[in-house]
Ligand code: F0G
């Protein structure tokens, strides 16, 4: 049950079918090109799209906009210390800014960086600094009902070290929850194992803590050792093993923008801190604001504390589970158990007649918009060309934003898509135009239904 009520509302509108059809065409069958005004339920991402509390808005009014030594920075530092247990922070404009600051200080040309699974921007920043990102999830992690499918396979990290030499592995990363692996959680036992392997390799142990509160909730619910503990205590415990954190405040910071790097106050990390500080000033801004307004530092400071409140987090994860249940009841193939922030649908199974080369995930995303102005995102062969990732569509729930009737609308939209599928009315898509960088093509490529020869009209 929601432990809040609405005080500020934002009107949304369900465009009629004709308009939706025209919008889709105009967008080149790429939902990143849609105007949000034409979207009824927006499940594109949970990043920066949530609703802030009255306490966050109130805190924004006392934001100290000083360039150096801002009081708002002190309040953020206190919140990070209380909630996450880290004393040294470098704010950044968002998570990827923090990644650039830290990974540029940690890795060099020719290095290898293992992670349970790299999120796109993590992968890009590691690669951009000359190192090779290596995904080390457990083989077949998503098969069956694993309680902690997001875990890092530490044996694979050891094998990598044997192969490339441990001096080539400057850092071991752990992303909680594991966004690129269906948002699945990571156990504290696995955090401890990751710490151990990092020690063996004399590597820095970094946690990507974007969804640390959601992960802590799963740990409390599923890992015996933590039964009955508070999510706030588990949150600190799981992070206590890391040398450094990378954080996007747009997720479990419950803010619309912002992020930071946090470093343990340990003399062994002084060099990394010094280099990261320089990079922060160069790329983000002075170290007491890091590309954020003082008011945004305030919003994130309050948001971090709210993220580990029991009433908030139970409702948050519960809502994602409810959406998963609503879809499963309608025979939509969803990843079970559901993750913390999103429901992942296997589009290849849902649309078996659309071949992989015609992007079943993107076809499903387009039809969800066509049938109900619902916007999800494809995370299959369209977003990740030349990989063998499953054809997933992600439906991410913004925090504290939608209600039960919106979830019902999404479920009903799936029913309509299933009817069109059964009538043989859903066609695959082909790419008409794509950018040079294949990794970024899903943000801007244009497509058309297979067989349709008309030129795209976007932009
Ligand atoms: N790490 C993880 C695990 C993420 O999920 C994201 C963002 C980032 C880093 C980068 O943070 O967006 O603040 O720069 N994920 C968003 C998503 C974009 O939709 O999953 P950012």
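The values are calculated or read from the model by the stated rules, or taken from the named source; none is laboratory data. Treat the numbers as computed from the prediction; the structure is a model and nothing was measured. Cβ: placed from backbone, ideal geometry, glycine included. Neighbour counts: every protein chain shown.
Among the candidates 403, 380, 376, 428, single out the residue that is closer than 25 Å to residue 37 by Cα, in contact (Cβ under 8 Å) with a residue 24 or more places away in the chain and crowded, with 19+ Cβ neighbours inside 10 Å.
Answer to the check: 376.
Return the residue satisfying two criteria in turn: it lies in the range 87-103 and is near the ligand (Cβ under 10 Å from one of its atoms) and assigned to a helix (DSSP H, G or I), and of such residues it is surrounded by the most Cβ atoms within 10 Å (Cβ to Cβ).
98
For residue 58, all conditions in the list (1) crowded, with 18+ Cβ neighbours inside 10 Å; (2) in the same structural domain as residue 291 (by TED's automatic domain parsing) hold save one; what is the number of the exception?
Residue 58 satisfies every listed condition except (1).
Return the total of residues in the range 243-281 being touching a residue at least 60 places away in the same chain (Cβ under 8 Å) and either surrounded by 17 or more Cβ atoms within 10 Å (Cβ to Cβ) or touching a strand residue (DSSP E or B) at 6+ places or on another chain (Cβ under 6 Å) (or both).
Total meeting the criteria: 27.
Being touching a strand residue (DSSP E or B) at 6+ places or on another chain (Cβ under 7 Å), closer than 19 Å to residue 363 by Cα and assigned to a loop (DSSP other than H, G, I, E, B) is the filter here; which residues of the range 1-57 pass it?
Result: 28, 29, 30, 34, 39, 40, 43, 44, 45.
Over 22 Å from residue 102 (Cβ atoms) and in a helix (DSSP H, G or I), is that true of residue 232?
So residue 232 passes the test.
Need the failing condition index for residue 267 against (1) modelled with pLDDT of 95 or more; (2) within 16 Å of the ligand (Cβ to nearest atom), just the number.
For residue 267, the failing item is (2).
Looking at the range 203-220, I want the residues that are more than 16 Å from residue 316 (Cβ to Cβ) and not assigned by TED's automatic domain parsing to the domain that holds residue 114 and have a partner that is assigned to a helix (DSSP H, G or I) and away from the ligand (no atom under 11 Å from the Cβ) with Cβ atoms under 7 Å, at least 6 apart or on another chain. Which pairs are those?
Qualifying pairs under 7 Å: none.
Of the residues 428, 372, 376, only one is within 30 Å of residue 3 (Cα to Cα), away from the ligand (no atom under 16 Å from the Cβ) and not assigned by TED's automatic domain parsing to the domain that holds residue 210; which?
Only one candidate qualifies: 372.
Go through the range 58-86 residue by residue and tally those that are more than 30 Å from residue 241 (Cα to Cα) and either touching a residue at least 24 places away in the same chain (Cβ under 8 Å) or part of a loop (DSSP other than H, G, I, E, B) (or both).
Residues that pass the stated criteria total 10.
Out of 336, 316, which single residue is within 19 Å of the chain's Cα centre (by Cα), buried (at least 23 other Cβ atoms within 10 Å of the Cβ) and closer than 30 Å to residue 418 by Cβ?
Result: 316 is the single residue among 336, 316 that is within 19 Å of the chain's Cα centre (by Cα), buried (at least 23 other Cβ atoms within 10 Å of the Cβ) and closer than 30 Å to residue 418 by Cβ.
Collect the residues in the range 185-216 that are in a loop (DSSP other than H, G, I, E, B) and within 12 Å of the ligand (Cβ to nearest atom), keeping them in residue-number order.
186, 209, 210, 211
Can you give me the number of residues within the range 44-61 that are more than 16 Å from the ligand (Cβ to nearest atom) and under 17 Å from residue 317 (Cβ atoms)?
1
Let me spell it out: the conditions are (1) in a helix (DSSP H, G or I); (2) within 15 Å of the ligand (Cβ to nearest atom), and residue 305 meets all of them except one. Which number is the exception?
(2)
Examine the range 171-187 for a residue that is out of contact with any strand residue (DSSP E or B) (no Cβ under 8 Å at 6 or more places or on another chain) and either free of Cβ contacts under 8 Å to residues at least 40 places away in the same chain or farther than 27 Å from residue 258 by Cβ (or both), and state whether such a residue exists.
Yes: one or more hits.
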